[in-house]
Amino acid sequence: MSIIRPRLTDFHNIPLTQEEVDFAIPFIDEDIPLYVDPFLLWKSPSIQDNSLHLLITNSFNHLGYLFTSGREKEALELLISASECNEVGLGNSKSKTGKKIGEKLAKNILSPFTLIPELKKSGFTHFEEIQLLIDNFSKDRVSDIACNFIQSFLIDFTIEQSEKYGIPIEKVTLNNIYNPKTYMFSEEVTDLPVNPETQSPILFVPKRWLKYIPWINTDDYFTDYYIKNIHNPNEGFPDRVKLLNFNRHNYDIVKTYTAIKEKTFDNCKNDPLYNQIPITSAKRKISTITKLPTGKTDNADRKYEDNVCPLMASLFYPHLDFAQEQSRTDSGVQIRDMIFYNNITSDFLKEIYETYDCRQIVMELKNVKEVKQEHILQLNRYLKEQFGRFGVIITRNPPPAKVAKNIIDLWSAHRKCILILDDSDLKMMTSVFESKQRNPIEVLKKKYIEFTRACPS
């Protein structure tokens, strides 16, 4: 597949934006850099989410019961089985394959059940508190354990969403389905989407459960609670090991911190996969861009790219999902492109998809006083495969007449469309972005209409 940073929906040629679906669209080659935060299920107004949170908590506490009642081996095997969930594809793995924990760490994770009487008696209300009690228990383990305990729900959710959007599913065998009635993992044959490259089953995860950092986490505990309320300013800060040891011996303090987090649950929000920059930031960036000199003086070209990339990604969202920046070297010169998924969210995007086979839109940045023919040829070389025959150059000034004519000639000879956005277009888009009366992408559509009118009939 030649798509840049391909998603499952791109592979199946299903034009969906991340904005319009309830689940995080999986990437084929890499993980989604977010995690399931069980606290979002606890605070959710959905009774179903609350029930799933209870299932997660009870399942984890059952491990503690086994661990403290002479069934240590059984508890460790279950925790190791629950420690990795590759099917959801969350985290930072580039290989989409994580590793389960070892027996030593598993034993350490369950040790608070024996060290802290309150946990042995009543268990956790939020099992992610483990992060505050032992070392090497990170947010990805919280997420994977939660996902494994509710895999049955995720299977049903994935099938439902696949049928809703026409995403192909096929028969697969899952080896790690948790049964909350028997407290056991077992094998199950079902129908799910698969990764087209690895044939591995894929589970969708609701967006409303995802965060970059769990609501209850060690950094927040240390910075916003421990230092302000517990730490003696006449003493040095404890290192991580000492802090965790302190927490294990003073679990009531951890419980107080958790109670505060529960009371402030209104501030706990899921993290979107993409955030637009604020309007004030957009205005600051367009002001910086228009004041920059052309060329490379004082790294103006780099500053131009650094400001244009986040600005354009925000202006085009949610009509175009930003795929990634891509740097390359052309004749010894470093060039940065922006790549967007063409989600066919408007008649204009549908037209360039159908007319120019444009599945992804490439935009090349040029901080030059005048666009020249060589710049057109550079972009032209990229107009194939997933980019089809459509591309955009973002530069400082309108093209000279001879370059504009060459672009039309290129269309006449090869039916390729290259649009040029200059500073005035970016200003207009930012103004539209601020007013919210129309969509900034309509400026690109306007340039396209002007281009088509200039082409010979």
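The values are calculated or read from the model by the stated rules, or taken from the named source; none is laboratory data. It should be emphasised that the depicted structure is a prediction, and the values quoted were computed from it without experimental measurement. Please note: Cβ atoms are built from the backbone with ideal geometry, for glycine as well, and neighbour counts cover all protein chains shown. Only protein heavy atoms, including side chains, enter the accessible area calculation; ligands, DNA and RNA are left aside. Shrake-Rupley method; radii C 1.70, N 1.55, O 1.52, S 1.80 Å.
Legend: residue pairs 384/445; 296/416; 104/242; 384/436; 99/164; 99/263, Cα-Cα distance threshold 24 Å; pairs beyond threshold, 296/416; 384/436; 99/164; 99/263. Counting 0.36 nm for each residue step from residue 12 to residue 111 and taking away their Cα separation leaves a gain of 31.0 nm.
Answer rounded, prolate or oblate for region 311-436, using the Cα gyration tensor with square roots of eigenvalues a ≥ b ≥ c: rounded when a/c is under 1.5, else prolate when a/b is larger than b/c, else oblate. The partial results should precede the final answer.
Values: a/c = 1.36, a/b = 1.15, b/c = 1.18.
Judged from the Cα gyration tensor, region 311-436 comes out rounded (a/c under 1.5).
Think of each Lys and Arg Cβ as +1 and each Asp and Glu Cβ as -1; about the Cα centre, that makes the dipole of region 415-457 roughly 260 debye.
Could you rank the peptides 309-319, 68-78 by their average count of other C-beta atoms within 10 Å per residue, with the highest value first?
On the way: 309-319: 21.2, 68-78: 16.2.
Descending mean neighbour count gives 309-319, 68-78.
In the chain, the portion of solvent-accessible area held by carbon and sulfur atoms comes to 49 percent [1.4 Å probe, whole percent, DNA, RNA and ligands not counted].
Counting only DSSP beta bridges whose two residues both lie in region 309-457, roughly 60 percent are antiparallel. Site pair residue 382 and residue 104 shows an inter-label distance of 4.8 nm when each label is modelled 7 Å from Cα along Cα→Cβ.
Could I have the simple spin-label model distance between residue 357 and residue 457, label points 7 Å from Cα toward Cβ, reported in nm to one decimal? Label at residue 357, label at residue 457, 2.9 nm between them.
Assuming a ≥ b ≥ c are the square roots of the Cα gyration tensor eigenvalues, decide whether the chain counts as rounded (a/c under 1.5), prolate (otherwise, with a/b larger than b/c) or oblate. Prolate is the answer for the chain, as a/c is 1.5 or above and a/b outweighs b/c. Scanning residues 5 or more positions from residue 90 or on other chains, those with amide H under 5 Å from its amide H are 32, with H placed 1.01 Å from N in the peptide plane. Taking θ as phi - 60° and the Karplus parameters 6.51, -1.76 and 1.60, the scalar couplings of region 282-293 work out to 4, 5, 5, 5, 5, 5, 5, 4, 6, 8, 6, x Hz in sequence order, x denoting glycine and proline. Of the peptides 102-109, 433-440, the ranking by mean beta-carbon count within 10 Å, highest at the top, reads 102-109, 433-440. Beta bridges assigned by DSSP with both partners in the chain are antiparallel in approximately 75 percent of cases.
Gain on full extension, evaluated as 0.36 nm per residue between residue 404 and residue 213 minus their Cα-Cα distance, stands at 63.9 nm.
With the simple spin-label model, which puts each label point 7 Å out from Cα in the Cβ direction, the residue 121 to residue 199 separation comes to 5.5 nm. Rounded, prolate or oblate for region 47-122? Axes are the square roots of the Cα gyration tensor eigenvalues, ordered a ≥ b ≥ c, and the cut-off for rounded is a/c under 1.5. Verdict is oblate for region 47-122.
Using 0.36 nm times the number of residues separating residue 237 and residue 223, minus their current alpha carbon distance, what extension gain do you get?
On the way: separation 14, 0.36 × 14 = 5.04 nm, distance 1.09 nm.
Contour length minus the Cα-Cα distance gives 3.9 nm.
For a label point 7 Å from the Cα of residue 170 along Cα→C-beta, name the residues of region 119-157 whose backbone N is under 15 Å from it. So the set is empty, nothing qualifies.
Averaged per residue, what accessible surface does region 170-325 expose to a 1.4 Å probe, in Å²?
Working: 8380 Å² over 156 residues.
So region 170-325 comes to 54 Å² accessible per residue, rounded to a whole number.
How many Å² of accessible area per residue for region 1-147, probe 1.4 Å? Don't skip to the end; give the middle numbers.
Numbers: 5860 Å² over 147 residues.
It amounts to 40 Å² per residue over region 1-147.
Reported to the nearest whole Å, the Cα centre-to-centre distance from region 218-285 to region 92-151 is 19.
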